[in-house]
1. Among residues other than residue 142 whose Cβ falls under 9 Å from its Cβ, what is the net charge (Lys/Arg +1, Asp/Glu -1)?
2. So if I take the alpha carbon set of the stretch 96-195, get Rg, then get Rh from the Kirkwood formula, what is the Rg over Rh ratio?
3. Considering every pair of different Cα atoms, what Kirkwood radius, in Å, is found for the stretch 224-326?
4. I need the peptides 305-317, 64-76 ranked by packing, meaning the mean over residues of other C-beta atoms within 10 angstrom, with the highest value on top.
5. Apply the a/c threshold of 1.5 to the C-alpha gyration tensor of the chain and tell me whether it is rounded, prolate or oblate.
6. Sorted by accessible area with a 1.4 angstrom probe, largest first, how do 144, 124 fall?
7. Using only helices, what value at 222 nm comes out for the chain when you add -39,500 (n - 2.57) per DSSP H run of length 4 or more and divide by the total residues, to the nearest 500 deg cm²/dmol?
8. Would you mind getting the accessible area per residue of the chain, heavy atoms of the protein chains only, 1.4 Å probe, in Å²?
Amino acid sequence: MKQDSARNAAYTVDCEDYVHVVKFNPFDSGDSCALIAYGGNNYVVVGTCRFQEEDAEVEGMQYKTLRTFHHGIRVDAIAWSPETRLDALPPQLRFCTAASDKKLRLFTSDLQDKNEYKEFDGHSDYINDLVFAPKEGQEVASVSDDHTCRVWDLEGNEKAHFVLRSPGMSVCWHPEEAFKLMVAEKNGTIRFYDLLTQQAILSLECEQKPLMSADWCLKNTLKIGAVAGSDWLIWDIAHSSYPQDKRPVHVDRARLFRWSRVNENLFATTGFPGKTNTQLLVHHLGHPQPILIGTAAVGSGLTWHRTLPLCAVGGDHKIFFWVTEM
């Protein structure tokens, strides 16, 4: 089984442990390599990737582990800070994790002697997603099964608290809309909050549930995508609070939705991990059928490269990478 699924991916990286979550750094870190972080049962590994698609001197892919952070508990989600810089002296790595003990942990490292972490306490149930403020990186927003979205400063103080009507599944912060937060709830509602007034200003409905994942398109702030039930759904918020486009894609149920960071018509979805494998589908809004179908042994997590049409999924002791055409 393993060989078949690994052959489907363009590249794979072997990992020490089961990979629960994987995340490319979405921000420019001042280095020619892409930063990637992945979380297992009790640690987070940060590494760099370079692909032949961007550098003719690379054969296939080069991967190097920069540092392994002991976490002590299963990692459920990872968010990168825009303050991460590899070209600074000393370099700075900063990321935040959500763990199965309902806490956030903020890690800061100079890749030498300074390795600190702070715990943020407050959620009373599992945390499903988290994100840094995209400009300055001085705040972190998180959503949880406890029906709240919370905004924290880097000391772990709660700066804002939004009460939801169902579990919060996804939270997004767009670099061009720094004072708005998008929160997607399991009941099928996506709301935008104004962070200055701390009021809801817009809501979208997908009219089906469970909504498992939603994303705000980097290249077009009017585009929102989500998966609910076995369908993907796309909104154009300039036109309607109901989806403009939707399609059934995953036979059982869809799990994750992520927009490409380089093309506003390109996105990926994953199915729920089955007994043996997970399906990754890459879609293009101009095509009726998925343009790429991949399978990974019990996959989890889904992330796009910052500058390439390339996405990664975690799995059993592996990360799988798929390259797609624009």
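1. Values: positive: 150; negative: 129.
Cβ neighbours under 9 Å give a net charge of 0.
2. Details: Rg = 13.4 Å, Rh = 13.7 Å.
Taking Rh as the inverse mean 1/r over Cα pairs, Rg/Rh reads 0.98.
3. Details: mean 1/r = 0.0726 Å⁻¹.
With all distinct Cα pairs of the stretch 224-326 included, I get 13.8 Å.
4. Details: 305-317: 22.3, 64-76: 15.7.
Listed from highest to lowest mean packing, they are 305-317, 64-76.
5. rounded
6. Numbers: 144 0, 124 85 Å².
The most accessible residue leads, giving 124, 144.
7. Working: 1 runs with 7 residues, N = 326.
Calculated mean residue ellipticity at 222 nm is -500 deg cm²/dmol.
8. Details: 13730 Å² over 326 residues.
With the other protein chains kept in place, the chain gives 42 Å² per residue.
The values are calculated or read from the model by the stated rules, or taken from the named source; none is laboratory data. Predicted, not measured: the structure shown is a model, and the values here were computed from it. Neighbour counts run over all protein chains shown; Cβ positions are idealised from the backbone, glycine included. Accessible surface areas use protein heavy atoms only, side chains included; no ligands, DNA or RNA. Shrake-Rupley method; radii C 1.70, N 1.55, O 1.52, S 1.80 Å.
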